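The values are calculated or read from the model by the stated rules, or taken from the named source; none is laboratory data. Remember, predicted model here, so these are calculated numbers, not experimental data. Glycine also receives a Cβ, built like all others from the backbone with ideal geometry; neighbour counts cover every protein chain displayed. We work out accessible area using only protein heavy atoms, side chains counted, and drop any ligands, DNA or RNA first. Shrake-Rupley method; radii C 1.70, N 1.55, O 1.52, S 1.80 Å.
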Amino acid sequence: MAISWATRQLLDRHAADPATVDWRWESMAVHVVLRYGSGADAEALLPLFLDAPAQRDHLVPVFARHGDLAMADRLLEASIEAGRIREDVPPEVLHAVGYLGCESAERILWEHVEGLYHASRSACLGLLHLSCRGLRTEIAEALERHAGANLFPEFLSVLATKTGDPSWPARLVEWGEDGASTDCNGGLFLGIALHGDAARADFVKALWSPRWEANGGGTGSDRWAYAGARVLGLGMPELYADLLTRLDSDAFGVSGFAVKRHCLDTFAALLGHWTDRDWLGLRMAPDPEESSEALYRLLFAWSTPSVNDSLTGHAHRVLDPGDPLITRLHHLEALLLSEARHELELHATTSN
């Protein structure tokens with residue numbers, strides 16, 4: 001299979017004029033390869049990565065999404081020294097080899113779980129895709145050791161499903177409610193969602209709660225709340241209906257305005273991820289099913305020409321006129337319209 005145009009651009013620019021490969025351009029090119037590439041792209045880009053791994057960390061998701069077990073073995077061989085990831089290799093490789101099902105890496109990944117943040121996160125997300133049969137007791141002991149703490153290895157909680165202990169969904173909720181710093185909520189959101197339908201109601205309650213700060217872009221909570229919604233199969237129609245119910249509710253008392261603004265802010269954060277559709281690196285979190293056109297009609301269409309009952313109309317009804325969140329929602333409306341046009345163009349060019 002031939003490599004994609006985007007991969008050819010990456011290879012040619014790195015070879016001819018590396019100065020033109022800034023991180024913004026490379027991120028865009030990699031995004032295209034992730035969406036439309038193949039194993040041929042991963043094979044072509046692997047030597048480029050191995051030549052300077054510390055400078056080419058943007059390429060790692062390509063190897064995870066389009067690679068195979070043989071590629072995981074090659075990454076592992078080139079990246080691990082004395083049981084630890086080399087200092088010049090991005091820790092995201094740990095996530096990639098786990099995602100690709102490299103069971104022989106299980107112990108190596110586990111040794112990074114209580115290390116530095118990025119290595120710990122990558123190791124936990126990698127282990128999530130492995131059986132962890134030989135680690136069940138150690139995972140349970142680590143969770144018990146950290147349970148209720150304010151700060152802890154944030155993504156350790158996603159491994160709670162590996163213990164086989166049915167008490168963990170409720171305990172993760174309690175941890176987030178009573179002990180955890182909001183800096184660590186992302187892993188708790190995903191950890192709760194991974195327990196499936198039994199944890200669905202608790203996840204949704206936490207999603208809208210100001211205490212959990214699912215709108216937190218700085219902490220990453222919004223990204224992992226979005227990931228949790230994808231794991232549970234929560235669609236945008238369901239979330240939007242839930243938002244409107246909360247905006248119409250009188251049950252929040254004197255905190256009503258603050259709670260409703262938080263709900264709008266959280267929804268805007270989720271919508272941003274729905275629109276970007278960045279690859280999450282989670283086999284259990286498929287891309288959204290809704291097209292950009294369907295989302296645009298759901299959220300921004302008016303039921304009549306004289307009544308703005310769209311998302312922005314509801315926001316104007318709840319928020320102060322100068323609230324920057326209104327501007328953000330208008331920006332998302334324009335972005336979603338642009339994505340819908342791009343989808344139509346793509347269908348038009350690929351159907352001929």
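If you plug the beta carbon distance of Ala52 and Arg297 into 1/(1 + (r/R0)^6) with R0 = 41 Å, you get a FRET efficiency near 0.35. Note on Leu116 and Asp276: the extension gain reaches 54.8 nm, defined as 0.36 nm multiplied by sequence separation minus the Cα-Cα distance. GNM remark for the chain: springs join alpha carbons under 10 Å apart, and the peak mean-square fluctuation among Pro305, Pro286, Pro324 falls on Pro305.
Work out the FRET efficiency for Asp88 and Glu144 from their Cβ-Cβ distance, taking R0 = 35 Å, and round it to the nearest 0.05.
0.50
For the chain, with every protein chain kept in place, what is the accessible area per residue (1.4 Å probe, Å²)? Per-residue accessible area for the chain comes out at 46 Å².
Label point of Glu81 set 7 angstrom out along Cα-Cβ; within region 30-56, amide nitrogens under 18 Å from it belong to 49-56. Among Val254, Val60, Val97, the largest mean-square fluctuation in a Gaussian network model of the chain (Cα springs under 10 Å) belongs to Val254.
Here the accessible area is traced with a 1.4 Å probe on the protein chains. For region 205-338, carbon and sulfur cover 55 percent of it. Relative contact order of the chain: 9 percent, from C-alpha pairs under 8 Å at least 6 residues apart in sequence. For Gly216, the residues whose amide H sits under 5 Å from its own are Ser221, Asp222, ignoring neighbours fewer than 5 places away on the same chain, with H placed 1.01 Å from N. For the options Leu48, Leu127, Leu100, a Gaussian network treatment of the chain with springs between C-alpha atoms closer than 10 Å singles out Leu48 as fluctuating the most.
From the helices alone, meaning DSSP H stretches of at least four residues, give me the mean residue ellipticity at 222 nm for the chain, per-run term -39500 (n - 2.57), in deg cm²/dmol to the nearest 500.
Calculated at 222 nm, the ellipticity per residue is -18500 deg cm²/dmol.
Shape class of the chain from the Cα gyration tensor (axes a ≥ b ≥ c, square roots of the eigenvalues): oblate, since a/c reaches 1.5 or more and a/b does not exceed b/c.
Would you be so kind as to identify all helices of the chain, as entire DSSP H runs, whose Cα atoms reach 24 Å or more along the helix's own axis and whose mean Kyte-Doolittle hydropathy is at least -0.5?
TM-like helix candidates: 256-276, 324-350.
For the pair His316 and Phe252, a Förster radius of 25 Å applied to the C-beta separation gives a FRET efficiency near 0.85, rounded to the nearest 0.05.
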